[in-house]
Amino acid sequence: MQIEVKNLRKSYRVNGAELNVLDDISFAVNSKEFLTIIGPSGCGKSTILNILAGFVPKDGGEIRLNGKKVGNLQKIAAYMVQKDLLMPWRTVIGNTILGPEIEGQDIKKAKEEAISLLDSFGLGGFYNSYPSELSGGMRQRVALARTLMFKRPLLLLDEPFGALDAMTRFVMQNLLLRVWKKYEKTVVLVTHDIDEALILSDRIIVLSSRPARIKSTYTIEQPRPRDLSALAAIKKKIFDELKEEIGSVFGNGSI
Ligand SMILES: Nc1ncnc2c1ncn2[C@@H]1O[C@H](COP(=O)(O)OP(=O)(O)OP(=O)(O)O)[C@@H](O)[C@H]1O
Ligand SMILES: [Mg+2]
């Protein structure tokens, strides 16, 4: 599966004015690649994922799947965001089987599959709990299980661990790596967190501030599990690039 995004453009109309958000964004995602997009807050990262997922129309440019032009990647993508968006009135298992249910699949079979997935995520015994009875990390594990149950080859992950504490985030990053390997997914992740990008990604795209352009791309060759101390030079480069962008918004040195 080869995804190509070419010359993507997007503006929103805000209070009668054009807000230019994406300015000529082009990148490719290879089959089973783990690609991360990092950039300053408000630069247009979620907009890119929303366009790919088909939630937001693009103004210009094209998306190609295996060389063929498509409107969006809705058919092949499952989406996960920072807020877990679990349905509070549904149990863990009820939330997990949402995809198969929407698609009219065999519910008994889906439940069996969900149970084995939840077990492998350390959620055995919580099948009948409600989201309000779970910790933030547990809720995100349910959200990840639900995302996987959609059985799509592409995962679009928008700061999925952004609201978690450092330790829980670490656990979730490792779980995500296991999932990515085991289920052979292609991943496009959006994050603010440079360490997260370095720990997880095959490739990192750094965006400028709004309107987002691609500022640079890094390929991380180091095998996983990664040793962040050996990636300190790349970390500094990305940090400096982001700092430059934030500076261009707030004015370097001004308060
Ligand atoms: N539906 C919308 N209507 C109008 N403006 C929007 C809409 N969605 C996003 N924007 C604006 O577009 C810009 C980019 O938003 P987007 O959510 O893509 O940024 P982001 O990089 O994901 O930010 P963050 O890191 O804070 O999540 C922001 O200025 C935002 O206010
Ligand atoms: Mg966002």
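The values are calculated or read from the model by the stated rules, or taken from the named source; none is laboratory data. Just so we're clear, the structure is a prediction, and the values are computed from it rather than from any experiment. Please note: Cβ atoms are built from the backbone with ideal geometry, for glycine as well, and neighbour counts cover all protein chains shown.
Residue count for the range 8-59 under the criterion of being in contact (Cβ under 8 Å) with a residue 40 or more places away in the chain and aromatic (Phe, Trp, Tyr): the result is 2. Could you tell me which residue of the range 230-248 is nearest to Leu198 (Cα to Cα), considering only residues that are hydrophobic (A, V, I, L, M, F, W, C) and touching a Pro at 6+ places or on another chain (Cβ under 8 Å)? Only one residue fits best here, namely Leu242. For Glu159, the requirement of being charged (D, E, K, R) and farther than 20 Å from Ile48 by Cα is not met.
Restricted to strands (runs of 3 or more DSSP E) entirely inside the range 128-219, those with at least 2 residues that are aliphatic (A, V, I, L, M) are 154-158, 186-191, 203-207.
Here's the yes/no breakdown for (1) at pLDDT below 95; (2) within 24 Å of Pro211 (Cβ to Cβ):
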position	(1), (2)
Ile38	no, yes
Lys68	no, no
Leu73	no, yes
Val81	yes, yes
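The residue that is surrounded by the fewest Cβ atoms within 10 Å (Cβ to Cβ), counting only those in the range 173-222 that are among the acidic types (Asp, Glu) and more than 29 Å from Lys10 (Cα to Cα), is Glu221.
Sort through Thr217, Thr168 and tell me the only one that's under 19 Å from Glu33 (Cβ atoms) and in contact (Cβ under 8 Å) with a residue 12 or more places away in the chain.
Details: Thr168 fails: under 19 Å from Glu33 (Cβ atoms).
After ruling out the rest, the residue left standing is Thr217.
Kindly indicate whether Ser248 is at pLDDT below 95, more than 30 Å from Lys109 (Cα to Cα), hydroxyl-bearing (Ser, Thr, Tyr) and surrounded by fewer than 20 Cβ atoms within 10 Å (Cβ to Cβ).
Values: at pLDDT below 95: yes; more than 30 Å from Lys109 (Cα to Cα): yes; hydroxyl-bearing (Ser, Thr, Tyr): yes; surrounded by fewer than 20 Cβ atoms within 10 Å (Cβ to Cβ): yes.
Yes; evaluated as a whole, the condition is true for this residue.
Note on the range 175-193: residues that are more than 16 Å from ligand 2 (Cβ to nearest atom) and touching a residue at least 40 places away in the same chain (Cβ under 8 Å) amount to 7. Candidates in the range 80-102 are the residues that are of a type in the set (A, V, I, L, M) and assigned to a loop (DSSP other than H, G, I, E, B); of these, the one that is farthest from Phe161 (Cα to Cα) is Ile97.
Screening the range 33-56 for residues that are closer than 18 Å to Lys75 by Cβ and surrounded by fewer than 21 Cβ atoms within 10 Å (Cβ to Cβ) and picking the one that is nearest to ligand 2 (Cβ to nearest atom) gives Asn50.
The strands (runs of 3 or more DSSP E) falling completely within the range 1-79 that include 3 or more residues that are over 28 Å from Leu98 (Cα atoms) and of a type in the set (Gly, Ala, Ser) map to 17-29. Here Met149 clears all of (1) modelled with pLDDT under 95; (2) over 15 Å from the mean Cα position of the chain (by Cα); (3) buried (at least 21 other Cβ atoms within 10 Å of the Cβ) except the condition numbered (1).
Is it fair to say Leu117 is more than 16 Å from ligand 1 (Cβ to nearest atom) and closer than 26 Å to Phe55 by Cα? Even if it seems obvious, please write down each step before you answer.
Working: more than 16 Å from ligand 1 (Cβ to nearest atom): yes; closer than 26 Å to Phe55 by Cα: no.
So Leu117 does not fit the description; no.
Restricting attention to the range 103-127 and to residues that are assigned to a helix (DSSP H, G or I) and charged (D, E, K, R), the residue that is nearest to Met172 (Cα to Cα) turns out to be Asp119.
Sort through Asp158, Asp193 and tell me the only one that's closer than 18 Å to Leu86 by Cβ, within 16 Å of ligand 1 (Cβ to nearest atom) and acidic (Asp, Glu). Talk me through it step by step, then tell me what you get.
Values: Asp193 fails: closer than 18 Å to Leu86 by Cβ.
Residue meeting the stated conditions: Asp158.
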